[in-house]
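Engineer: Just passing along the structure, written as structure tokens.
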Amino acid sequence: MPTLTTTIPLTSLTYTIPSLNHTITLHLPNSSKHSAHLPPNSTHRILEIPLGSHWQPGAHWHEEHTEYIKILQGTAKVWINGRVRVLGEGEEVVFERRDVHNFCRAEIDGGEVLVVEEWTDREDGSKQVFFRNAFSLVRDTEKLGGLLWAFLRFFYLCSYRDNLLVFGPLCLPFWAQRFVTGVVFGVVRVVGRFAGWRSWYEEYTPVRLREVAEGRKKNL
């Protein structure tokens, strides 16, 4: 097992994948960007996507959470169940459970930095666990043996964290997408257990979130 970077003290996490033109920063509570946009007691997350970044979370859905995003700055292109919308500053959208959704910058090289507020209908800490571990894994790409191994660990994480990625064509009916994702995640879980991967890492997860990470605590 490689020695991972301890990211627990960080309240903002940035990762860049030059080969994919991906750059994004996650701002958590107590970060300066978070404090500039949201009240002190807010547990919502802020995602900041700069000009030129092709980052997107990838088409996915949630079984246990309804997710919300609000555009704080810039414009975003949003996909929900095959329909496309463009959202501007102050607009928000709801991703209901099992809505296949995705989003990115509306203009890759033009406009402003895209700043997005994200939260769920059950702010139980599980999304903080997911985001902290997901961003930290990609930041540790070199330590994990390269981008392929980092993404395989990311898929393993997603399979346990209600972040169900679409692996088949988007034109497939939802039942078929669920089947394909179930097969892929099933294989990833078998490989991950054999390889000693985890659904969360102590180096990335603050003590206050570890009961949530282990599924023992439902609300913060």
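Engineer: How about the stretch 72-106: which of its residues are under 24 Å from Val138 (Cβ atoms) and out of contact with any Lys or Arg (no Cβ under 6 Å at 6 or more places or on another chain)?
Structural biologist: Leu72, Gln73, Gly74, Ala76, Lys77, Trp79, Phe95, Val100, His101, Asn102, Phe103, Arg105
Engineer: Just give me the residues in the stretch 93-113 being part of a loop (DSSP other than H, G, I, E, B) and either under 20 Å from Leu72 (Cβ atoms) or not assigned by TED's automatic domain parsing to the domain that holds Ser42 (or both), in sequence order.
Structural biologist: Scanning the stretch 93-113 gives Ala106, Glu107, Ile108, Gly110, Gly111, Glu112, Val113.
Engineer: Considering only helices (runs of 4 or more DSSP H) fully contained in the stretch 114-220, which possess at least 3 residues that are under 14 Å from the mean Cα position of the chain (by Cα) and of a type in the set (S, T, N, Q)?
Structural biologist: Where helices (runs of 4 or more DSSP H) fall fully within the stretch 114-220 and carry at least 3 residues being under 14 Å from the mean Cα position of the chain (by Cα) and of a type in the set (S, T, N, Q), they are 126-139.
Engineer: Show me the strands (runs of 3 or more DSSP E) found entirely inside the stretch 52-92 where at least 2 residues are surrounded by fewer than 17 Cβ atoms within 10 Å (Cβ to Cβ) and of a type in the set (A, V, I, L, M).
Structural biologist: Strands (runs of 3 or more DSSP E) meeting the threshold: 83-87.
Engineer: Right, Arg153: within 22 Å of Ser19 (Cα to Cα) and buried (at least 20 other Cβ atoms within 10 Å of the Cβ) or not?
Structural biologist: When the stated conditions are applied, Arg153 passes them.
Engineer: If the requirement is being of a type in the set (D, E, K, R), out of contact with any Gly (no Cβ under 9 Å at 6 or more places or on another chain) and in contact (Cβ under 8 Å) with a residue 12 or more places away in the chain, which of these qualifies: Arg85, Arg98?
Structural biologist: Arg98
Engineer: Can you go through Pro18, Pro9, Pro2, Pro40 and tell me which one is exposed (fewer than 12 other Cβ atoms within 10 Å of the Cβ), under 25 Å from Gly58 (Cα atoms) and more than 14 Å from the chain's Cα centre (by Cα)?
Structural biologist: Pro18
The values are calculated or read from the model by the stated rules, or taken from the named source; none is laboratory data. None of these values were measured; they are calculated from a predicted model. Don't worry about glycine lacking a Cβ; one is built from the backbone with ideal geometry, like all the others, and counts go over all protein chains shown.
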